[in-house]
Every structure is written in structure tokens, then in C-alpha cells.
Amino acid sequence: MLYWLGNILMSLSDIFSFCRLVNYITFRAIMAALTAVILVLICSKPYIMFLHRRRILDQQRNTGLGLALGKSDTPTMGGILIIGGAFFSLFLWGNLSSSFLWSVVFATTWFGALGFIDDLKKLRKRSGDKGLSEKTKLIAQAAFAVGFACYVTSSLSPLHPREATLLYVPFLKTPLLDLGHGFYTIFIILFVMFVTNAVNITDGLDGLAIMPSIFTISVLGVFAYVLGNKIYSAYLYYPYIPGSGELAIVAAALGGAGLGFLWYNTYPAQIFMGDTGSLALGGAISTMCVLLKQEMLFPILGGLFVAEALSSQIQDKIGVKFIGKRLFTRAPLHHALQYRGLAEPKVVVRLWIVSGILALIALATLKIR
């Protein structure tokens, strides 16, 4: 809104020349992050009290560790704070005519709504194991992924037709190959579903998922700024994607909202994001990766999410269901570290450090090509 208002005021009189600041992505990104942080910090305490009054409290799953029993009185559905803070900030500072912006907003809303329904069902059943079935969630995720894949490869896509189906990999100046519409559509569907569930699986300890999400989103924001700038993208041998710079504003708003949420989510957590938040963040991250042609950067940038998801799925699908025994002492990764005797805060901070290092390596790929 302020982006449009600023340009309108500038056209009316020179008195409003200072409004030219809204045309700078860097300024709007900073303001979007600050707005989201402040809004979430202001709203968190009243929201937590509201959740307590309504008994909207986390329903713990049985992990076999016996370490989460004291958290059953912690409010959940904190993802609403993240989504609300980010969306309000985008309403103020985003270019509301950007298809890049609306693509991520729609993805965040879709997956956030799916997580909200899952959280609500757990509350009604009073069990962390009785939310939506895995099949139902996968169908809902696939429905979005199919629609998004068709959109990205269609004439309505914000991406240029020549770029839409190309696969870029880190450290290479040129695309690895052109997957074509058919294979690229399948690739996007699998990618979106994997990333979304990976973030969801990581959300198992106080503050564990939110900080790596902030790292990941922030790096994608830097890539958005570079790829949306014709000079920088040419200098660094990246494809120029007109309009993608608006995703830097999206990243700033989501990162700022996440930082504000971390204030109350860090150990000992006063609120959990729930599936409402983890699925929404996963949807936003996967969508941004696709729109920025950085799908193959995610294994580096989101390496922690990948490790968490793979350890969980290998244990469940291959170990327990196929072989008939556990392949790891516990899964996912953070529970395995707890099982070794590490305290929860130490597990979380160490995994934050790992995630931060991976984010720096991902940033290095901007120049090392």
C-alpha cells in the first residue's frame, strides 16, 4: 500500500520527493522486516494469553524420550503470529501488483491453512498423534504443488518461458540441463512436497525450526535482490529474472516475523508455531526456491532440513516398515542427539550453528561459480 501511495504522492508534488525511498528494494526490505518484528513482538503476549484462556495448548506426541511431558501446557498455533505479521508488513511495504509476491502469499496461506486444520484436529482429539492423516496431508500438498507447477510452466508464469524449465545448480555459471515441461512439472511437485514436510519434521524442539527458516529465507532474499537486478545478475553470471526483487521484500517480512516469534519460542518456549507455522514456512521456502530457480541450492542452504527429513523417513519407511527394525537409535536427527544425552538447548543451538554455516556456504555460491 505504501509503495503505491508513495509513488502517487511523488507525482502530485515535489514536496513529497522523499517518498522516492519506496522505490528502493533495500529500504522497503528493511522497513518490512522492522514492521514484522515489532508487530509480532507487540501481539505475542496478548495472543499467548488468549491461547491460554481458550486452552489451545500443545498436544505432545510420544517420542519415547520422556522429555516433552512438561510442555503440554504450552500454547500452540503460533504460526498465526508469523503469517499475520508477515502479511501485514507485506500489505504496507510490498508491491501488491507483483505476481512473485502473490505466489508466495498464496503458498503460505494454503499450507498455513492445512497446518491450522491439522492443529485443530489434534486439539479436538487431545492427542498429538491424531491430526490429519499422512495421506490427507500429502494429497492437499500435492494439490497445491500440481497447480503451482502448472502455473510456473504456463504463459501466466512470472518467469520467462526460456528460463522456466531450466535446472541450475550451485557453482556452475550455466544451467545444467533443460528438463522440459513434463519432467520439470514432476520435479516441482516432488520438490515442494519434500521441502514443506522437511521444515515440518524439523519443528520438534523449542526454537529449532524457526532460526534455520530465518537463515534460509534471508539467503533467498539476497538471491532475489541479485536476480532481480540486471547489473548484479549479469556480473555474477546469474539469470536476470525481472520483478523477482520483490521476493526480497517477502523474505524480509517473513524473516522479521520469524525473529519476533523467536523471542517467545526460544527455550523454554512460551508458544509453539505448530503445523500452522512449520507448513506455512515450508511452503514459502519451497515456492521462493522455484521462483528464483534455486531448487538445487536447497540441499546446501536447507541442509539441516534435508538431514532431519531423511533421517525420519529412512527410519520410518525403510527401517520400521520395510526391514522391521530401527536403523537409528531415534529419529529425526534432533531426537537422536537428545537420546545421546545432550540437553535440548545445546541440541538446538548446535543445529542453529550448523544451519548458519550452511547458509554462509550457500551465499558463497553467489561468487564461486
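In the range 1-49, what count of residues is obtained for those that are modelled with pLDDT under 95 and either more than 21 Å from residue 97 (Cα to Cα) or part of a helix (DSSP H, G or I) (or both)?
So the count comes out to 22.
Of all residues in the range 199-257, which are under 30 Å from residue 71 (Cα atoms) and not in a helix (DSSP H, G or I)?
203, 204, 205, 206, 207, 208, 209
Could you give me the residue pairs with C-beta distances under 8 Å whose first residue belongs to the range 230-241 and is in contact (Cβ under 8 Å) with a residue 40 or more places away in the chain, whose second residue is among the acidic types (Asp, Glu) wherever it lies, and which are 6+ apart or on separate chains?
So the pair list comes out as 239/163; 241/163.
Answer yes if at least one residue in the range 169-179 is at pLDDT below 95, part of a helix (DSSP H, G or I) and surrounded by 15 or more Cβ atoms within 10 Å (Cβ to Cβ), and no otherwise.
Taking every residue of the range 169-179 in turn, none turns out to be at pLDDT below 95, part of a helix (DSSP H, G or I) and surrounded by 15 or more Cβ atoms within 10 Å (Cβ to Cβ).
So, in the range 325-369, of the ones that are under 25 Å from residue 268 (Cβ atoms) and aromatic (Phe, Trp, Tyr), which residue ends up farthest from the chain's Cα centre (by Cα)?
339
Using beta carbons and a limit of 7 Å, which pairs, at least six apart or on different chains, have the first residue in the range 279-292 and closer than 14 Å to residue 189 by Cβ and the second one outside any helix (DSSP H, G or I) and at pLDDT 95 or above?
So the pair list comes out empty.
Do you know which residues across the range 204-228 are modelled with pLDDT of 95 or more and aliphatic (A, V, I, L, M)?
Listed by number, the residues that qualify are 208, 209, 210, 211, 214, 217, 219, 220, 222, 224, 226, 227.
Report whether or not residue 305 is assigned to a loop (DSSP other than H, G, I, E, B), crowded, with 20+ Cβ neighbours inside 10 Å and modelled with pLDDT of 95 or more.
no
Tell me yes or no: at least one residue of the range 50-61 is surrounded by fewer than 17 Cβ atoms within 10 Å (Cβ to Cβ), of a type outside the set (Asp, Glu) and modelled with pLDDT of 95 or more.
Checked the range 50-61: at least one residue is surrounded by fewer than 17 Cβ atoms within 10 Å (Cβ to Cβ), of a type outside the set (Asp, Glu) and modelled with pLDDT of 95 or more.
Among the residues of the range 117-167, which ones are assigned to a loop (DSSP other than H, G, I, E, B), crowded, with 19+ Cβ neighbours inside 10 Å and at pLDDT 90 or above?
The answer is 132, 153, 158, 159, 165.
All but one of (1) modelled with pLDDT under 95; (2) aromatic (Phe, Trp, Tyr); (3) part of a helix (DSSP H, G or I) hold for residue 352; state the number of the condition that does not hold.
Of (1) modelled with pLDDT under 95; (2) aromatic (Phe, Trp, Tyr); (3) part of a helix (DSSP H, G or I), only one is false for residue 352: (1).
Given the criteria of a type outside the set (A, V, I, L, M), in contact with a helix residue (DSSP H, G or I) (Cβ under 6 Å, 6 or more places away or on another chain) and either closer than 30 Å to residue 347 by Cβ or not in a helix (DSSP H, G or I) (or both), does residue 191 qualify? Spell out the reasoning first.
On the way: of a type outside the set (A, V, I, L, M): yes; in contact with a helix residue (DSSP H, G or I) (Cβ under 6 Å, 6 or more places away or on another chain): yes; either closer than 30 Å to residue 347 by Cβ or not in a helix (DSSP H, G or I) (or both): yes.
Against the criterion (of a type outside the set (A, V, I, L, M), in contact with a helix residue (DSSP H, G or I) (Cβ under 6 Å, 6 or more places away or on another chain) and either closer than 30 Å to residue 347 by Cβ or not in a helix (DSSP H, G or I) (or both)), residue 191 qualifies.
Just for the range 77-108: of the residues that are within 12 Å of the chain's Cα centre (by Cα) and of a type outside the set (A, V, I, L, M, F, W, C), which one is farthest from residue 288 (Cα to Cα)?
My answer is 79.
Please indicate, with yes or no, whether at least one residue in the range 323-339 is in a loop (DSSP other than H, G, I, E, B), surrounded by fewer than 22 Cβ atoms within 10 Å (Cβ to Cβ) and β-branched (Val, Ile, Thr).
Checking the range 323-339: at least one residue is in a loop (DSSP other than H, G, I, E, B), surrounded by fewer than 22 Cβ atoms within 10 Å (Cβ to Cβ) and β-branched (Val, Ile, Thr).
The values are calculated or read from the model by the stated rules, or taken from the named source; none is laboratory data. In this text the structure is predicted, and so the values were computed from the model without any measurement. Glycine also receives a Cβ, built like all others from the backbone with ideal geometry; neighbour counts cover every protein chain displayed.
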